[in-house]
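The values are calculated or read from the model by the stated rules, or taken from the named source; none is laboratory data. What you are looking at is a predicted structure, and each value in this text was computed from that prediction instead of being measured. Positions of Cβ are generated from backbone atoms using ideal geometry, with glycine treated the same way; all protein chains shown enter the neighbour counts. We work out accessible area using only protein heavy atoms, side chains counted, and drop any ligands, DNA or RNA first. Shrake-Rupley method; radii C 1.70, N 1.55, O 1.52, S 1.80 Å.
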Amino acid sequence: MTDIFHHETHPVETLLIQSEQFRPNIVHIHHIDGNPGDFRDFPSSLHPDIQRVLKARGINQLYSHQAIAWEEIQKGKNITVVTPTASGKTLTYTLPVLQKILEKPKAKALYLFPTKALSQDQMTALHEIITALEKDIKVFTFDGDTPTNARTAIRKQGNIVITNPDMLHQGILPHHTKWMQFFQNLEYVVIDEMHIYRGVFGSHMTNVIRRLKRICTFYRSHPQFILCSATLANPGDHASRLIEDSITLIETSGAPVSPKTLIFYNPPLVNKELGIRASYLKHARYLAEFLIRHQVQTLIFALSRLNVEVLTKYLKDTFESGRESMSRGEIIAGYRGGYLPMRRREIEEGIRSGQIRGVVSTNALELGIDIGSLDATLLAGYPGSISSTWQQIGRAGRRGKSALGIFIARSDPLDQFLMQYPDYFYGQSPEHARMNPDNVMLLVDHIKCAAFELPFQEGDTFGKVPAADLQAILEFLSKGGILHYDNQRWYWSDTAYPAVNVNLRHSPEGNFVVVDTQNHHHIIGEVDYSSAILTIYPEAIYMASGQQYIVDTLDWEGRKAFVRPTNSDYYTDSIDYTNVKVLSEDETRCAQNANVFQGDVQVLTRAIGFKKIRFYTNENVGYGKINLPDLEMATTAYWFTIPNPVIEQLTWSRANIVDGLLGISKALHSIATLHIMSEPHDIHKAVGDKSSEWFAMNTITERGIYSAPDEHQQSIKLNPKDLENFQPTLFIYDNYPGGIGFSPLLYDAHEKLIRDTHTLIKTCPCNAGCPSCVGPPNEVGTHTKEIALDILAQLMEPED
């Protein structure tokens, strides 16, 4: 334990350190000093009325980054502001927008936020400032909840329109002729939470901005772009790629910083030989109960919706229905995607008012929604990226108060690595934001949308897409009857409305709604298409706000799950398997005793059953079957195979080698995630046979090789006939349709990945495997660690 207890501490930190229950598990304490900030006087060009309103709100100076942003915007530059949570980024765009409207009453601004909740939050804050200005500046939100009869007034009268990328894509751009006056006078486009636009969502977003700029050019407007973001490794590059234009980066914050204490907490080993630790969720619950009892308003971040609901139930049992019930009313709340908007607003207000003392959330509260002043954050498991970790920690102490952050480790290799080497966390730069807007599947969809909005002419480009490439796609669409070519132009000729079939965030099949049949068929939640087969299958326990419901019927075609309340003493967890088929080998090379590839693959996911797990004890109390349609995805992958001559040099059987390769895959996935600085769910792993179309990945396969999900692994079972020609192959694939650009990076880094994976497994202090390296020996085999090291030794280049 780092011996820095003599430093100034958070009020509750001393109690934690003195507690016999928690002290032995604290492996590192890090104090972050606060600072008073760097302030600048108001710019002389700032409108006197705006200065008056700011002073009335207690703002007598600007932070240095706000002042610099003002100067750059007045020069006509596009800017991106990258500063920590609660550093006043909102004023960097609010001030120039209001200034422009006061100078030019017809001026318009478009605000883009990734969620409706953030849009509503911004609307409230902006309305307060405009009311105080006492000027005729009209600001509106425009989203799917906006009444039809209000939309005409918004289009014609709105000076500031606050919306989200989905509504811009489906509700504004395709109907730009109705927005003619708005686009003709558009001066600013504000894109907040820029770091969210990465991966497939970011790729879509770039294409939406390409369409927006194309329409602005048509109406002879050239708006400035103002972007804001949490910390990234490549903010300037990412912002420039997002809007495909030059941009000025402002990344030195002048905002005061609250002092923070960050504690690394590692649950105790319950089986030292097997490397098995106590449940991190149980310890998250114990810590949350401790903090809430000591009047510390606490936000707990969980890694999945299921974990949110389980923790919410446990805390509600303690504080709302048990002997320790603190008071009447809601003390504990869950918060996640799938809750209805009114319920989310109710929770947010409860947090702000202080009525809710503990909230359990997915990363949905990681964004800048105003939830007031929180005292502590608990991270139940590593969020997957350094930037997300800092974002979540930053949700506490947002009003200048000292704050406490506790990172609770899982047995996962990444979590345990950070427990052993905390300096890596503090010394590592944040992750790169990556995206691939020219992914063919996405690009064709948005070119169709753009053609619907305005015809293309020969020689046109589309963002950074060259004219020749664009023309090839337009000709392809013409042959399919979607476009019509006439007089050097391509016109939309299909009857369909293309944007409605392009979903920026999920698969296009649509969400499922969850209906409570015993409460007037009230809709209690939503589930996205790709999660449906894993969460709302018949007999599943669906949880919302800590309440259990059992799924009676799933109407797949109608996209509805019919549920009823239940008081079951268990929850359900699905079992799935994944098949991967190689479609093309785009690159291949020979490495040390391995053939390395990267190319296109087809991924099929099938849910086959579920386990019933008792609350509190985690006992497995039953099983059930799932019979639902498969999910399919075309994506890109990096993989390597081990040739037969190399296998024959090993003293292990082929069945043992598969065990070893599965162990390697677990460690390699963590190493690959660190290397490309992605989040763990951005890439998935798989082990199998390249010569056939099957393999296993954390799952059961029909052909005989299987391994259950990481935390409940079972032995590998092999059909001897399958082993005769078995060519061991390990895949790491992009978990996005069409791929997002990670596979070439991993392909190029194959040798480093192998070397670092060997180091991770070899230096792990366990004897025969544990969850921090290849997996516990009673689950993956008693010799798996030894086999994995033997295989990796064959794959590593000789040292000089």
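Put simply, of 751, 702 the only residue that is out of contact with any helix residue (DSSP H, G or I) (no Cβ under 8 Å at 6 or more places or on another chain) and either assigned to a loop (DSSP other than H, G, I, E, B) or modelled with pLDDT under 85 (or both) is 702.
Results for (1) farther than 23 Å from residue 396 by Cα; (2) in a strand (DSSP E or B); (3) open to solvent by less than 40 Å² (accessible area, probe 1.4 Å), shown as yes or no for each residue.
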| position | (1), (2), (3) |
| --- | --- |
| 263 | no, yes, yes |
| 270 | yes, yes, no |
| 287 | no, no, yes |
| 312 | no, no, yes |
| 317 | yes, no, no |
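Restricting attention to region 395-419, the residues that are at pLDDT below 85, crowded, with 23+ Cβ neighbours inside 10 Å and closer than 14 Å to residue 32 by Cβ add up to 2. Only one of the numbered conditions (1) without any contact (Cβ under 8 Å) to a residue 60 or more places away in the chain; (2) open to solvent by 30 Å² or more (accessible area, probe 1.4 Å); (3) more than 29 Å from the chain's Cα centre (by Cα) is not met by residue 602, and that is (3). Scanning region 576-586 for residues that are open to solvent by 20 Å² or more (accessible area, probe 1.4 Å) and either of a type in the set (A, V, I, L, M, F, W, C) or modelled with pLDDT of 95 or more (or both) returns 582, 583. Would you confirm, using the coordinates I've provided, whether residue 12 is aliphatic (A, V, I, L, M), touching a residue at least 60 places away in the same chain (Cβ under 8 Å), open to solvent by less than 60 Å² (accessible area, probe 1.4 Å) and under 17 Å from residue 253 (Cα atoms)? So residue 12 does not fit the description; no.
Could you check how many residues of region 727-772 are polar (S, T, N, Q) and open to solvent by 10 Å² or more (accessible area, probe 1.4 Å)? Summing the residues that are polar (S, T, N, Q) and open to solvent by 10 Å² or more (accessible area, probe 1.4 Å) in region 727-772 gives 6. For region 156-166, state whether one or more residues are in a helix (DSSP H, G or I) and under 32 Å from the mean Cα position of the chain (by Cα). Yes. Tally the residues that are part of a helix (DSSP H, G or I) and more than 30 Å from residue 199 (Cα to Cα), restricting the search to region 103-123. Looking only at that region, the number is 1. For residue 137, the conditions (1) modelled with pLDDT of 90 or more; (2) over 19 Å from residue 52 (Cα atoms); (3) not in a helix (DSSP H, G or I) all hold with the exception of (2).
Here residue 740 does not qualify as in contact (Cβ under 8 Å) with a residue 60 or more places away in the chain, touching a Cys at 6+ places or on another chain (Cβ under 7 Å) and among the β-branched types (Val, Ile, Thr).
Checked against the criterion of being within 28 Å of the chain's Cα centre (by Cα) and of a type outside the set (A, V, I, L, M), the candidates 121, 136 yield just one match: 121. Tallying residues that are of a type outside the set (A, V, I, L, M), open to solvent by less than 80 Å² (accessible area, probe 1.4 Å) and touching a Pro at 6+ places or on another chain (Cβ under 8 Å) within region 111-157 yields 2. Scanning region 61-102 for residues that are in contact (Cβ under 8 Å) with a residue 12 or more places away in the chain, not in a helix (DSSP H, G or I) and not small (Gly, Ala, Ser) returns 61, 62, 63, 77, 78, 79, 80, 81, 82, 83, 84, 85. Counting only residues that are open to solvent by 60 Å² or more (accessible area, probe 1.4 Å), closer than 15 Å to residue 521 by Cβ and either under 26 Å from the mean Cα position of the chain (by Cα) or touching a residue at least 60 places away in the same chain (Cβ under 8 Å) (or both), region 545-567 holds 1 of them. Would you check if there is a residue in region 195-210 being open to solvent by 30 Å² or more (accessible area, probe 1.4 Å), in a helix (DSSP H, G or I) and modelled with pLDDT of 90 or more? No, that holds for no residue. Scanning region 271-303 for residues that are at positive phi and not polar (S, T, N, Q) yields a single hit, 275. Looking across region 23-39, the residues that are outside any loop (DSSP other than H, G, I, E, B), of a type outside the set (Lys, Arg) and farther than 30 Å from residue 104 by Cα come down to 24, 25, 26, 27, 28, 29, 30, 31, 32, 35.
Checked against the criterion of being surrounded by 19 or more Cβ atoms within 10 Å (Cβ to Cβ) and in a loop (DSSP other than H, G, I, E, B), the candidates 242, 232 yield just one match: 232. Taken over region 406-417, the criterion of being in a helix (DSSP H, G or I), within 20 Å of the chain's Cα centre (by Cα) and within 22 Å of residue 22 (Cβ to Cβ) is satisfied by 415 alone. If you go through region 487-536 and keep only what is within 24 Å of residue 461 (Cβ to Cβ) and open to solvent by 80 Å² or more (accessible area, probe 1.4 Å), you end up with 487, 488, 489, 491. Before we move on, is residue 578 free of Cβ contacts under 8 Å to residues at least 12 places away in the same chain and either hydrophobic (A, V, I, L, M, F, W, C) or under 30 Å from residue 793 (Cβ atoms) (or both)? It is false that residue 578 is free of Cβ contacts under 8 Å to residues at least 12 places away in the same chain and either hydrophobic (A, V, I, L, M, F, W, C) or under 30 Å from residue 793 (Cβ atoms) (or both).
Evaluation of residue 42 against the conditions (1) part of a loop (DSSP other than H, G, I, E, B); (2) open to solvent by 50 Å² or more (accessible area, probe 1.4 Å); (3) free of Cβ contacts under 8 Å to residues at least 40 places away in the same chain; (4) on the phi < 0 side of the Ramachandran plot shows that the sole unmet condition is (2).
Out of region 606-649, which residues are buried (at least 18 other Cβ atoms within 10 Å of the Cβ), out of contact with any Asp or Glu (no Cβ under 6 Å at 6 or more places or on another chain) and under 21 Å from residue 559 (Cβ atoms)? Matches in region 606-649: 610, 626, 631, 633. Scanning region 135-152 for residues that are farther than 23 Å from residue 208 by Cα and touching a residue at least 12 places away in the same chain (Cβ under 8 Å) returns 135, 136, 137, 138. Listed conditions (1) more than 30 Å from residue 291 (Cα to Cα); (2) not in a loop (DSSP other than H, G, I, E, B) are all met by residue 496, apart from (2).
Within region 57-88, the residues that satisfy the criterion of being of a type in the set (Lys, Arg) and modelled with pLDDT of 95 or more are 75, 77.
Would you confirm, using the coordinates I've provided, whether residue 674 is at pLDDT 80 or above and out of contact with any Cys (no Cβ under 6 Å at 6 or more places or on another chain)? The answer is no for residue 674. Looking at region 245-253, can you tell me whether even one residue there is in contact (Cβ under 8 Å) with a residue 24 or more places away in the chain, open to solvent by less than 10 Å² (accessible area, probe 1.4 Å) and not in a strand (DSSP E or B)? Checked region 245-253: no residue is in contact (Cβ under 8 Å) with a residue 24 or more places away in the chain, open to solvent by less than 10 Å² (accessible area, probe 1.4 Å) and not in a strand (DSSP E or B).
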